[in-house]
1. Going by the conditions given, is residue 24 in contact (Cβ under 8 Å) with a residue 24 or more places away in the chain and hydroxyl-bearing (Ser, Thr, Tyr)?
2. Are there any pairs, at least 6 apart or on different chains, whose C-beta atoms fall under 9 Å, with the first in the range 35-51 and among the acidic types (Asp, Glu) and the second at pLDDT 90 or above and outside any helix (DSSP H, G or I), and if so, which?
3. How many residues does the range 26-47 hold that are among the charged types (D, E, K, R) and either surrounded by fewer than 12 Cβ atoms within 10 Å (Cβ to Cβ) or at pLDDT below 95 (or both)?
4. Kindly provide the set of residues from the range 11-23 that are more than 10 Å from the chain's Cα centre (by Cα) and surrounded by 15 or more Cβ atoms within 10 Å (Cβ to Cβ), ordered by number.
Amino acid sequence: MMMSAGSDALLLRIYAVLCLVKGTKTSREDVHDAWSAWTAGMGDPKHRSLIPFDELSAHMQELDATYQDAIVAVAARLAL
């Protein structure tokens, strides 16, 4: 599914909220939950990864690590 710049910006804003609220304690599960809310609202409510984080394969869980690392790094830099 092609994403528009506006929908991508919405996901980034959701990740920014994670950064502000959870800071360096943001987990991969938090990232997945944020992505799930965004994906369900962007017209793909049947996406195969819209399942609880602990039901994802280890490989799929690991895909959230990059975003978690980025959120945690920003939070650390901002001392959140």
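The values are calculated or read from the model by the stated rules, or taken from the named source; none is laboratory data. Nothing here was measured: the structure is a model prediction, and the numbers come from that model. FYI the Cβ positions are ideal-geometry reconstructions off the backbone, even for glycines, and counts take in every protein chain you see.
1. Yes, satisfied.
2. 44/50
3. 2
4. Matches in the range 11-23: 19, 22, 23.
Conditions tested, residue by residue: (1) part of a helix (DSSP H, G or I); (2) farther than 18 Å from residue 74 by Cβ.
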residue: 8; (1), (2): yes, no
residue: 14; (1), (2): yes, no
residue: 17; (1), (2): yes, no
residue: 21; (1), (2): yes, no
residue: 31; (1), (2): yes, no
residue: 39; (1), (2): yes, yes
residue: 46; (1), (2): no, yes
residue: 54; (1), (2): yes, yes
